[in-house]
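Quick notes on the structure that follows.
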DNA sequence: TTCCAGAGTATTGTATACAATTAAATTGCC
DNA sequence: GGCAATTTAATTGTATACAATACTCTGGAA
């Protein structure tokens, strides 16, 4: 009997995404070094530059992160002067994340820096569009399958 | 003057990859729950099932991880009975990662489990191939740009 | 032989992630 | 109005990642 082998293409796809994600992370970290921002911190700032103030929960929905990740991340952003965490008066459960003046002032600098670095990537809009739509497919498949914790059940049904 | 905006497509591409990577991670974690393996642990096992024994360095090259990540990961795999870490006799600097009997025995079970779960993804080989080749492009771009720490220099040259 | 540059691994420190739990505040329902 | 269920953040515990450093070992040069 031949060796049982896993579906290698899927493996490789997953690993490629995993590796690309790490590389992007490093790329942004280098690009944003002058500002001392990590990639997760940067995307949090991006959302806030659009829509601040937001609650931790609202920010988490946009970034697909929970309070276990965001609370310490936001504390670090606060310590570095980018945001202020303010307990809401109308609903004391909520913490509103406000931008500081520094954040407003540095926004265009950060945008410009990222813009410059991204041009180094040299991907066409078509290439990007195509990848994005495929990634959306993958993500929604993964959502359907795993978000509802159906994996075990479905596999067990097969057995 | 209009607001300066970053190159949103690139942002979205990066975020899509970042989010997809996290979802894949969770997907594998659920699928492998019966074995108690995380995704990074699983890909380490995959490589070892192909080629054990390997040194930490060799494993790290395949997985694109350094000893700072691998050492604790491998210690956990050892504690759970999947591998043995054996200091090489011919070169005392090296640590050889061997598979345990349990690992050999469970290999096909793990493969089968992943095979079952992956069929739930429902992507065609063509779709997967196309994504992979695009991801390889992105990764090599990121390698070229950032691996050699050229980002700052190149941007500064533009200024 | 001795010394030293480099290789290989481990450790330390910082920053994510996320499941699970806790704690506080609010809402809904009687 | 009073209390249970829900919502929202924070906390705890585990597991990656990775830069920077430390430490040991090896092989070659003086």
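Of note:
- Which numbered condition residue B:87 fails, given (1) away from DNA strand D (no atom under 16 Å from the Cβ); (2) at negative phi: (1)
- The residues on offer are A:11, A:104, A:92, and the sole one that is touching a helix residue (DSSP H, G or I) at 6+ places or on another chain (Cβ under 9 Å) and loosely packed, with under 14 Cβ neighbours inside 10 Å is A:104.
- In region A:90-106, the residues that are within 12 Å of DNA strand D (Cβ to nearest atom) and touching a strand residue (DSSP E or B) at 6+ places or on another chain (Cβ under 6 Å): A:94, A:95, A:96, A:97
- Residue check, residue A:29 surrounded by 15 or more Cβ atoms within 10 Å (Cβ to Cβ) and in contact (Cβ under 8 Å) with a residue 24 or more places away in the chain: no
- Qualifying position, being touching a residue at least 60 places away in the same chain (Cβ under 8 Å) and either out of contact with any helix residue (DSSP H, G or I) (no Cβ under 7 Å at 6 or more places or on another chain) or over 30 Å from residue B:28 (Cα atoms) (or both), among A:34, A:72: A:34
- Qualifying residue in region A:99-116 (condition: under 16 Å from residue A:56 (Cβ atoms), within 16 Å of DNA strand C (Cβ to nearest atom) and not in a helix (DSSP H, G or I)): no
- Spans of helices (runs of 4 or more DSSP H) in region B:1-97 with at least 1 residues within 9 Å of chain A (Cβ to nearest Cβ): B:8-31, B:39-51, B:56-63
Residues are listed down the side, and each one gets a yes or a no for (1) surrounded by fewer than 18 Cβ atoms within 10 Å (Cβ to Cβ); (2) over 11 Å from the mean Cα position of the chain (by Cα); (3) closer than 18 Å to residue A:13 by Cα; (4) more than 12 Å from DNA strand C (Cβ to nearest atom):
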{"residue": "B:39", "(1), (2), (3), (4)": "no, no, yes, no"}
{"residue": "B:49", "(1), (2), (3), (4)": "no, yes, no, yes"}
{"residue": "B:55", "(1), (2), (3), (4)": "yes, yes, no, no"}
{"residue": "B:58", "(1), (2), (3), (4)": "yes, yes, no, no"}
{"residue": "B:63", "(1), (2), (3), (4)": "no, no, yes, yes"}
{"residue": "B:66", "(1), (2), (3), (4)": "yes, yes, no, no"}
{"residue": "B:75", "(1), (2), (3), (4)": "yes, yes, no, no"}
{"residue": "B:78", "(1), (2), (3), (4)": "yes, yes, no, no"}
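- Residues located in region A:98-107, provided they are under 22 Å from the mean Cα position of the chain (by Cα) and more than 14 Å from every other protein chain (Cβ to nearest Cβ): A:98, A:99, A:100, A:103
Bear in mind that the values in this text are calculations on the coordinates, not laboratory data. Since the structure is predicted, the reported quantities are computational estimates derived from the model, not experimental observations. Methodologically, a virtual Cβ is constructed for each residue, glycine included, from the backbone with ideal geometry; neighbour enumeration extends over all protein chains shown.
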